[in-house]
Every structure is written in C-alpha cells, then in structure tokens.
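**Q** One structure coming up, written as structure tokens, with questions to follow.
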Amino acid sequence: MVRSWPNMKYLYLYNNALMGKLTRALGNVTQLIDLYLMGNKFEGGIPEEFGDLQKLEELSLYDNELTEKIPASLAKMQDVLYISLGNNTLIGTIPQQLGNLTKIRGLSLHTNNLTREIPPDLGKLQKLEDLLLFNNNLIGSIPATLTNCSALRFMRLSYNSLRGHLAHTNFAGLENLRILALNGNQFSGLFPVTLSKCTNLGWLDLSRNHLSGVLPKLDVLNAQLDQPQSQGETCGG
C-alpha cells in the first residue's frame with residue numbers, strides 16, 4: 001500500500017492502536033514532510049530506511065514500544081527540524097552523527113534506556129532550541145560543546161547518572177535558555193555562577209544532586225562575571 005503513495009507529504013496516524021513493526025517501505029515515500037506515528041503500539045526498531053526521507057521535517061515516534069538502537073542513518077535527513085522518540089524503550093547510545101543535523105530545532109529522546117555519554121557533536125547544532133534527554137541512563141559530564149548551542153530554550157537532562165562539577169560548565173552563552181532541569185543526577189561542587197548570565201531563565205531545577213557550599217547572591221555573581229577572564233578560565237567548548 002505504501003508504494004501507491006508517491007506524492008504523500010503529510011502522514012498522520014498518531015493516537016491509535018496500531019501495532020507491529022514499522023515498515024521499511026516508508027523510506028520509499030520520499031516526498032514526506034511530516035511523519036506522525038506517535039501514540040501507537042509499534043515495536044522493534046526504527047528502520048534504517050527512514051534516513052532516506054530527505055525532505056522530512058518532522059519525525060514523531062514517541063509513546064510507542066520501540067526497543068532497538070537509534071539508527072545513525074537518521075542523520076541523513078538534512079531538512080529535519082524535529083525528531084521526537086521519547087517514551088519508548090530504545091537502547092544503546094545517542095548517535096554522534098545527529099550532530100550533523102544543522103537545521104534541527106528539537107531533539108527529544110527522553111524516557112528511554114539510552115546509555116553512555118552525551119555526544120559532544122550535539123554542540124554543533126546551532127539552531128537547536130529544545131534538548132530533552134531526561135529519564136535515561138546517560139553518564140559522564142555535560143559536554144562543554146553544548147554551551148555553543150546559543151539558541152537553546154529548554155534543556156532537560158534530569159534523572160540520568162550525569163556527574164561532574166557544574167561550576168566548571170560555562171552556561172553564559174545560553175542567553176535564550178528558559179528551562180534548565182538537571183535534577184536527579186550526581187552533579188557536585190559549587191553552584192554554577194555563570195547561570196546568572198541566563199537572564200531569560202524561568203525554571204531552574206538542580207535538586208537531588210550533590211551540590212555544596214554557599215549559594216552566592218545574584219549581585220555578587222554578576223560582579224564576578226563582569227570581570228575579565230583569563231584564557232584558561234574560558235570554557236567556550
């Protein structure tokens with residue numbers, strides 16, 4: 001049936017009770033712009049052939065029963081703006097090749113079983129606005145390169161096993177950040193003073209970590225940050 005849709009651009013099958021494996025034949029519907037399959041009972045993996053959807057702008061597969069690895073071939077979708085794979089049981093690592101999706105604005109991989117570190121390559125996503133990686137099994141620290149994503153508005157990395165000294169992360173470049181949720185991890189050390197430069201921040205959750213020391217006053221933070229920094233203290237990533 002899929003082969004009879006050579007001109008299909010918008011396919012919306014979300015919030016049904018569809019089941020079985022995602023068909024590889026969808027990769028042949030090359031005119032697709034939106035593919036919404038969320039809220040069903042699809043299982044198995046995401047077909048490698050989805051990477052052949054060169055015109056796709058939105059891929060929504062969240063809230064299914066997908067269980068395999070995220071295929072690196074998705075990085076071939078150079079026009080994609082939003083990838084939503086949350087609320088599945090996907091395993092493995094976040095493909096570093098996703099850092100080549102230069103137009104992407106939203107990357108939602110939350111509530112899966114993803115492991116290992118957050119790829120530093122995601123720092124190349126200059127148009128990325130929403131990064132949702134919460135409720136996984138990610139480890140390591142926040143890549144310094146993520147502070148290059150100056151368009152970021154929402155960054156939620158809660159409930160993983162991330163660690164490191166947050167004070168070593170330079171958040172100052174994230175001036176558009178509105179929500180930062182890092183709760184439920186293993187971060188330690190002092191409160192990150194560079195957060196005072198995130199003047200659009202309206203939601204900050206650092207609870208359930210291992211932060212210590214005195215909480216600085218906001219005016220003190222700004223005074224410290226307005227002073228010239230040595231090259232060794234700069235963390236542009």
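**Q** Residue by residue through the stretch 73-84, which ³J(HN,Hα) values in whole Hz follow from phi under the Karplus form 6.51 cos²θ - 1.76 cosθ + 1.60 (θ = phi - 60°), with glycine and proline marked x?
**A** 5, 4, 5, 7, 7, 6, 9, 5, 9, 9, 10, 10
**Q** Can you work out the Karplus-derived ³J(HN,Hα) for every residue in the stretch 17-30? Use 6.51 cos²θ - 1.76 cosθ + 1.60 with θ = phi - 60°, whole Hz, and x for glycine or proline.
**A** With coefficients 6.51, -1.76 and 1.60, one gets 10, 5, 9, x, 8, 5, 6, 5, 4, 4, x, 8, 8, 6 Hz.
**Q** Let me ask another. Whose amide H sits under 5 Å from the amide H of residue 116, counting only residues 5 or more places off or on another chain, with H placed in the peptide plane?
**A** Here the answer is 139, since their amide H atoms fall under 5 Å of that of residue 116.
**Q** Same structure again: Please find, in a Gaussian network model of the chain (springs between Cα atoms separated by less than 10 Å), the residue of 82, 12, 36 whose mean-square fluctuation is greatest.
**A** It is 12.
**Q** Just from its helices, what would the mean residue ellipticity at 222 nm be for the chain, if runs of 4 or more DSSP H residues each count -39500 (n - 2.57) and the sum is divided by every residue, rounded to the nearest 500 deg cm²/dmol? Intermediate values should be presented prior to the final figure.
**A** Values: 1 runs with 8 residues, N = 237.
-1000 deg cm²/dmol, from helical runs alone.
**Q** So, with +1 on the Cβ of K and R and -1 on the Cβ of D and E, and no other charges, what is the size of the charge dipole of the chain about its Cα centre, to the nearest 20 debye? Kindly include the intermediate steps, with their values, before the conclusion.
**A** Working: 20 positive and 20 negative charges, 21 e Å.
Computed charge dipole of the chain: roughly 100 debye.
**Q** Oh, and also: Once the Cα gyration tensor of the chain is diagonalised, what are the square roots of 5 times its eigenvalues, in whole Å and ordered largest first, as equivalent ellipsoid semi-axes? Please report the intermediate quantities before stating the final value.
**A** Values: eigenvalues 275, 64, 39 Å².
Result for the chain: semi-axes of 37, 18, 14 Å.
**Q** When the Cα centres of the stretch 4-77 and the stretch 78-113 are compared, how far apart do they sit, in Å?
**A** Their Cα centres are 13 Å away from one another.
**Q** At 4 °C and a viscosity of 1.567 mPa s, what translational diffusion coefficient does Stokes-Einstein give for the stretch 63-174, taking Rh as the Kirkwood radius over Cα pairs? Give it in µm²/s as a whole number.
**A** Working: Rh = 14.0 Å.
Value of D from the Cα-based Kirkwood radius: 93 µm²/s.
**Q** Can you list the lysines whose alpha carbon is less than 26 Å from that of residue 9, not counting same-chain residues fewer than 8 positions off?
**A** Filter leaves 21, 41, 55, 76, 103, 127.
**Q** Another question, if that's okay. Pick from 27, 123, 213: which is most flexible by mean-square fluctuation in a GNM of the chain where alpha carbon atoms under 10 Å apart are linked?
**A** 213
**Q** May I ask you to evaluate 6.51 cos²θ - 1.76 cosθ + 1.60, the Karplus curve with θ = phi - 60°, for each residue of the stretch 9-16 and list the ³J(HN,Hα) values in order in whole Hz, giving x for glycine and proline?
**A** Values, residue by residue: 10, 10, 10, 10, 10, 6, 6, 10 Hz.
**Q** So who's got an amide H within less than 5 Å of the one on residue 189, skipping anything under 5 residues away but keeping other chains? H placed 1.01 Å off N, in plane.
**A** HN-HN under 5 Å from residue 189: 212.
**Q** Exposed loop GluC sites (Glu not before Pro) only (DSSP loop, at most 16 other Cβ atoms within 10 Å): please give the longest stretch of the chain free of them, not including the sites. Working shown, then result.
**A** On the way: sites that count: 68, 175.
That would be 69-174.
**Q** Could you work out which residue, out of 15, 40, 183, moves most in a Gaussian network model of the chain, that is, has the largest mean-square fluctuation with Cα springs under 10 Å?
**A** Sorting by GNM fluctuation, first place goes to 15.
Values quoted throughout were computed directly from the atomic coordinates according to the rules given, and no laboratory measurement underlies them. Since the structure is predicted, the reported quantities are computational estimates derived from the model, not experimental observations. Cβ coordinates were reconstructed from backbone atoms using ideal geometry, including for glycine residues, and neighbour counts include every protein chain displayed.
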